[in-house]
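Here is the structure we will look at.
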Amino acid sequence: MTSGNRTKREYPWGHDRRFNSYSSYFRQLFGARVQKVSIDAGFTCPNRDGTKGRGGCTYCNNDAFNPSYCMPSKSVTQQIEEGVTFHKWRYKEAVSYLAYFQAYSNTYASVEVMNSLYREALGYPGVVGLIIGTRPDCIDDEKLDFLQELSSKCYLAVEYGIESCYDKTLRRINRGHTFDDAEKAVRSTAARGINTGAHFIFGLPGETREEMLEQADIISGLPLTTVKFHQLQIIKGTTMEMEFRQNPHDFELFSWEEYLDFFVRFLERLSPAIVVERFTGEAPPRFLSGQGWGKKRTDQIVNLIEKRLEELDTWQGRLTSK
Ligand code: SF4
């Protein structure tokens with residue numbers, strides 16, 4: 001079959017977008033649109049409370065990414081209720097929901113506490129599963145046993161903040177764990193049949209563009225179900241903002257035009273088996289130190305990347321052997 005003068009390909013992910021898209025993955029899995037509803041269940045973080053470190057990762061300000069209805073003072077049920085109302089108004093067609101435990105480290109508590117909060121979320125009408133964001137050093141066999149058991153009853157994904165495959169970067173941004181910790185967490189989670197996600201940031205200080213690109217090969221070797229990427233944004237009030245002001249030349253922030261080129265090259269090297277949830281991040285402008293990408297919105301960048309893939313007649317995984 002041809003489209004214009006171009007052959008229409010069959011991609012391994014079973015639809016004709018040029019990357020393995022998250023929304024299509026869920027449509028295939030559930031047969032309908034599924035919407036994530038974020039929750040701040042009051043978990044904390046060992047990189048803030050002194051267990052692993054104090055002050056947290058240098059770029060971290062959870063408020064910049066937390067929807068306004070997410071507050072630990074509200075119950076899980078109330079947050080889901082408000083999230084569902086918000087999304088119903090915005091996307092009329094959503095029928096099922098995934099409770100997204102997003103803020104801080106959502107396995108940083110006892111199994112009893114985790115069980116009670118997760119079950120509360122699963123008890124809400126229309127919630128078909130859980131996505132649990134956490135750190136690679138906040139998981140152990142007891143928690144994985146529990147999550148494995150829960151994942152036999154509903155959709156469940158554990159999403160690890162990894163941020164970089166390089167220990168020099170992880171030290172620099174004060175993550176408080178190594179890439180080896182991350183790899184072990186990912187492998188032991190996936191080995192139990194639990195959907196496993198990861199989050200990475202492009203543009204962290206001290207990394208060259210080539211090193212960032214080479215991470216595609218490393219990430220492709222991990223047993224990940226989904227992955228999220230975003231460009232580094234300097235968020236107000238963070239340690240990184242201070243560092244940026246003191247040494248701006250230490251940072252090579254991407255313009256959106258540079259990011260388009262970079263991301264297309266990255267996708268070509270990324271395994272086609274990994275579902276890509278996000279290409280970019282977008283902190284609300286009031287949190288941004290500096291201009292960011294001005295008026296360019298996430299959906300515009302996604303459209304531009306897809307257009308570029310089409311123009312270059314390339315796709316996710318074109319340069320991998322897997
Ligand atoms: S692990 Fe997450 S919550 Fe904790 S300091 Fe780092 S980015 Fe913030």
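Miscellaneous remarks
- Calculated SAXS-style log₁₀ I(q)/I(0) at q = 0.12, 0.14 Å⁻¹ - the chain, Debye, Cα scatterers: -0.86, -1.21
- Each Cα pair under 8 Å and six or more residues apart adds its sequence gap; the mean of these over the residue count of the chain is a relative contact order of 18 percent.
- In Å², nearest 10: area of Met114 left accessible to a 1.4 Å probe: 0 Å²
- Solvent-accessible surface ranking, highest first, for Ser188, Ser220 at 1.4 angstrom: Ser188, Ser220
- Thr77 paired with Arg245, simple spin-label distance in nm, labels 7 Å along Cα-to-beta-carbon: 4.5 nm
- Distance in nm between pseudo-label sites at Ala32 and Cys154 (7 Å out along the Cβ direction from Cα): 1.6 nm
- Label-to-label distance, Glu10 versus Arg90, with points set 7 angstrom from Cα along the beta-carbon direction: 3.7 nm.
- FRET efficiency for the pair Arg17 and Arg297, taken as 1/(1 + (r/R0)^6) with r the Cβ-Cβ distance and R0 = 22 Å, rounds to 0.70.
- Accessible carbon and sulfur surface of the chain relative to its total accessible area, %, 1.4 Å: 50 percent
- Every Cα-Cα pair in region 30-79 was counted, and those over 12 Å apart are 71% of them.
- Leu312 sits with roughly 100 Å² accessible to a 1.4 Å probe, with DNA, RNA and ligands left out of the calculation.
- Computed from the C-beta positions of Thr44 and Glu210 and an R0 of 45 Å, the FRET efficiency is 0.75 to the nearest 0.05.
- Ranking of Val186, Val302 by solvent-accessible surface, largest first: Val302, Val186 (1.4 Å probe, protein heavy atoms only, all chains present).
- Value of Rg/Rh across region 79-187 [Cα atoms, Kirkwood radius]: 1.03
- For Asp137, solvent-accessible area (1.4 Å; no DNA, RNA or ligand), Å²: 50 Å²
- Residues Leu29, Leu170 ordered from highest to lowest accessible area at a 1.4 Å probe: Leu29, Leu170.
- Here the calculated FRET efficiency for Thr178 and Leu312, from their Cβ-Cβ distance with R0 = 22 Å, stands at 0.05, rounded to the nearest 0.05.
- Where the chain is the region considered: accessible area per residue in Å², 1.4 Å probe: 46 Å²
- Loop-located chymotrypsin sites (Phe, Trp or Tyr not before Pro) in region 156-220, at most 16 other Cβ atoms within 10 Å (DSSP): none
- 222 nm mean residue ellipticity, helices alone, for the chain (DSSP H n ≥ 4; -39,500 (n - 2.57); rounded to 500): -11000 deg cm²/dmol
The values are calculated or read from the model by the stated rules, or taken from the named source; none is laboratory data. Keep in mind the model is a prediction, meaning the values are calculated, not measured. We place every Cβ from the backbone using ideal geometry, glycine too, and count neighbours over all the protein chains shown. Heavy atoms of the whole protein, side chains included, go into the accessibility calculation; ligands, DNA and RNA do not. Shrake-Rupley method; radii C 1.70, N 1.55, O 1.52, S 1.80 Å.
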